[in-house]
């Protein structure tokens, strides 16, 4: 997946890149921006030594987009479902006199929160950043910019 953006700031080997939201984004939500926002900021590896204000092409492997989405949404969902299901059947089999549905729901919520905190912890340690981080692959001349890579693929 390739996008075109502008370098806003530099930090070591990384650059903060502002990317304009395009029509292909739809309701995807992978970039964590609302429909009302027209741009997103992302941190990308600066492999081409781009400078502040330059227009760049940013790429993220398509498979990594799905893996990152699974990490952010799938793992917490699995934690919720397993936590709720296991708690529901454990409380039912031991006949503890607790509200089975309420306790299983609250357990699922707690495990979901723990999953998000664990993901956040690993992300801050840098365990996810290097593999799933977008990469700046080229500095683009302003004359070359006619449409974003996604718009080119869609024939616009």
(request) Could you tell me whether the stretch 57-71 includes any residue that is at pLDDT 90 or above and either out of contact with any strand residue (DSSP E or B) (no Cβ under 6 Å at 6 or more places or on another chain) or closer than 30 Å to residue 100 by Cα (or both)? (result) no
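Yes or no: the stretch 122-132 includes at least one residue that is surrounded by 12 or more Cβ atoms within 10 Å (Cβ to Cβ), outside any helix (DSSP H, G or I), touching a strand residue (DSSP E or B) at 6+ places or on another chain (Cβ under 8 Å) and at pLDDT below 90. Break it down into steps so the answer makes sense when it comes.
Of the stretch 122-132, the ones surrounded by 12 or more Cβ atoms within 10 Å (Cβ to Cβ) are 122-123, 127-129, 132.
Restricting the remaining residues to those that are outside any helix (DSSP H, G or I) gives 127-128.
Add one more test, that the residue is touching a strand residue (DSSP E or B) at 6+ places or on another chain (Cβ under 8 Å), and what stays is none.
No, the stretch 122-132 contains no residue that is surrounded by 12 or more Cβ atoms within 10 Å (Cβ to Cβ), outside any helix (DSSP H, G or I), touching a strand residue (DSSP E or B) at 6+ places or on another chain (Cβ under 8 Å) and at pLDDT below 90.
The values are calculated or read from the model by the stated rules, or taken from the named source; none is laboratory data. Small disclaimer: the values here were computed from a predicted structure and weren't measured. Glycine gets a Cβ as well: all are built from the backbone with ideal geometry, and neighbour counts include every protein chain shown.
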